[in-house]
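Let me begin by handing over the structure; questions about it come next.
Bear in mind that the values in this text are calculations on the coordinates, not laboratory data. A quick note: this is a predicted structure, and the numbers were derived from the prediction, not measured. Heads up, the Cβs are rebuilt from the backbone with ideal geometry, glycines too, and the neighbour counts pull from every protein chain shown.
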Amino acid sequence: MKGITSLLFSSILGVCFSQVDLAKKYSSYINEEDLRKNLTIIASDEYAGRETGKIGQKMTAEFLTAYFKKLGCSFAPGMSGYEQFFDVIESTPGGTLSLSGLNLNFKTDFIYYSCKSLTKLDNLPVYHADQLSVIGDIPCYVAHNLRSLEVRKEVSALRKELPGNVKGIILVSNKYDTLYEYLEHYVTTKTMYLADEKKKEEFPILFVKESSLESLKKKSNGFLIGKGKITKSMTRPVFKLNAELNTQEERLTSSNVLAYIEGSDPVLSKEVVVVTAHYDHIGVDHGVVYNGADDDGTGTVALLEMAEAFMEAKKNGEGPKRSILIMPVSGEEKGLLGSDYYSSHPAIPLENTVADLNIDMIGRNDIGHEKDTNYIYIIGSNMLSNELHDVNEKANERYTRLKLDYKFNSLSDPNQFYYRSDHYNFAKHNIPSIFYFSGVHEDYHQPTDDVEKIIFPKVEKVAKLVFFTAWELADRSKRITLNR
Ligand SMILES: [Zn+2]
């Protein structure tokens, strides 16, 4: 049965790949020499780790823009340039926390996370629940007994027990210094969010050093001691607190770069196949540049090669029927911000967007594949459209013959890769998407993610697979459909 089905598929898809020779012909413009040349530029120290909103990101955007211009790519419909600008807010954790007049200092007395900025919380009533004290909408939980240092897990478990009106928690800890050491990286790193993002409902979590609260504790009759369960019957306030926290915020501008290659069919060219990769990385830390050659320099330069190949086809009047949008995005490392912005401000309506093929890190081998270069992880291909999955499989079977590894293609995979790159901002709008990925390695998010370590023949091969898949999606007469 299986054999017959796949035989049938091959013959159907065989017919669909009618412009086989053209796709193959133009794929030759994707080559490792160009990939190496371009990656050596954008992953050099001069590009300062391409951090969103900073000089390196702007230099990279300029480089990409000049490249697309040289190739002759069009601006996306309705745009007057290649760049789609968006503003982000960079928030620097810090400030002082005032609890009923008692001033506490960031780091030495308290830290917080899971909120972008906390401003003013006036007159918070304090409730008692068993032996546990809860401050109004902000319950105050005594954290003496956190069972382990898996704090974030503990907190999210605790959150599930809270009544619905509780909007945040304060954890008071007599093991604050250990906690601080453990959480330092998470709580002291600057964060970014889209300036036009509707303030999401946030759930602030504050950790306060118990010994910093001695005076409050006396005043409140030891209310900060307890370890009971929070119940939904907490109604009677017994104490009031004011909390005020000031953080520093700065508005910065970043961009997505859009290169549009209009399809050859007067009707179908209204539809578009989007190909994305993030051109931002994590910048400079303590004077050390994080070059991000693999993450995601490889995806970025792969897009340039694909743009060249599609443009050559178009110039000769041999391009596919639907349009192609090649889109290096930024803000990925800060929380998929650029693709999020695009998906709420699309240049081509989302209903006319056939698919997103996203490339993020395709130039290395991960642990378990040290000597086996000929593989790539495929994530998300069948989540929304089995046809997308089949097109990719057939393109690989026919042209690139990589080992397609579906190990991470699961919503329940503990790594949660399906949610961790830019394709997700398309998938969440029901647009079929594939995430191409060669896995994490010892240089992931390290200053040693350098161009010398990139396996260029692999980048070329994966870029070609994405190109062939994009070509077929753009050129087949019938648009791929969503699963029921
Ligand atoms: Zn990445």
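From the Cα gyration tensor of region 429-484, with a ≥ b ≥ c the square roots of its eigenvalues, which class applies: rounded if a/c is under 1.5, or else prolate if a/b is larger than b/c, or else oblate?
Cα axes put region 429-484 in the oblate bin.
At a 10 angstrom cut-off on C-beta neighbours, averaged per residue, how do the peptides 183-192, 61-70, 292-301, 355-364 rank from highest to lowest?
Sorting 183-192, 61-70, 292-301, 355-364 by mean packing, highest first, produces 292-301, 355-364, 61-70, 183-192.
Lys and Arg at +1, Asp and Glu at -1: add these up for the other residues within a Cβ distance under 9 Å of Tyr176 and post the number.
Its environment carries a net charge of -1.
Please list 382-388, 246-252 highest first by mean number of surrounding beta-carbon atoms within 10 Å per residue.
Descending packing order for the listed peptides: 382-388, 246-252.
Compute the label zone of Lys407 within region 442-484: residues whose backbone N is under 14 Å from the point 7 Å along Cα-to-Cβ.
442
Evaluate the relative contact order of region 361-484 (contact order divided by residue number), counting alpha-carbon pairs under 8 angstrom at least 6 apart; express in whole percent.
42 percent
Here's a follow-up. Could you pull the Cα extents of region 365-420 along its three principal axes, largest to smallest, in whole Å?
33, 32, 13
5 Å is the cut-off here: which amide hydrogens, built 1.01 Å from N in the peptide plane, fall below it relative to Thr52, excluding neighbours closer than 5 in sequence?
His281, Gly331
While we're on this one: Pairs Lys160/Lys428; Lys58/Lys464; Lys403/Lys458; Lys70/Lys270; Lys321/Lys403; Lys394/Lys461: which exceed 20 Å Cα-Cα?
Among Lys160/Lys428; Lys58/Lys464; Lys403/Lys458; Lys70/Lys270; Lys321/Lys403; Lys394/Lys461, the Cα-Cα distance tops 20 Å for Lys160/Lys428; Lys58/Lys464; Lys70/Lys270; Lys321/Lys403.
Could I ask something else about it? Under 12 Å from the Cβ of Ala463, count the other residues' Cβ atoms, weight Lys and Arg +1, Asp and Glu -1, and hand me the total.
-2
Can you work out ³J(HN,Hα) from phi for every residue in region 440-453, in order, using Karplus 6.51 cos²θ - 1.76 cosθ + 1.60 and θ = phi - 60°, giving whole Hz and x for Gly and Pro?
Computed from phi, the couplings for region 440-453 are 7, 8, 5, 9, 4, 6, 10, x, 8, 6, 10, 4, 4, 8 Hz.
Take the Cα of Thr40, step 7 Å along the line toward its Cβ, and report every residue of region 305-319 whose backbone nitrogen sits under 18 Å from that point.
Residues passing the 18 Å test: 305.
Next question, about the same structure. Please list, ordered by chain and number, the residues whose modelled amide H lies under 5 Å from the amide H of Ala355; skip anything fewer than 5 residues away on the same chain.
Val274
Sticking with this structure for a sec: Rounded, prolate or oblate: which fits region 378-457 when a ≥ b ≥ c are the square roots of the eigenvalues of the alpha-carbon gyration tensor, with rounded for a/c under 1.5 and prolate only if a/b beats b/c?
Oblate, since a/c reaches 1.5 and b/c is not below a/b.
So for the pair Glu452, Ala195, with labels modelled 7 Å out along Cα→Cβ, what separation do we get in nm?
Those two pseudo-labels are separated by 4.1 nm.
Under 13 Å from a point placed 7 Å out from the Cα of His286 along the Cα-to-Cβ direction: which residues of region 168-189 have their backbone N that close?
So the set is 185.
What shape does region 287-444 take by its C-alpha gyration tensor, where a ≥ b ≥ c are the square roots of the eigenvalues and a/c under 1.5 counts as rounded, a/b above b/c as prolate, and the rest as oblate?
Verdict is rounded for region 287-444.
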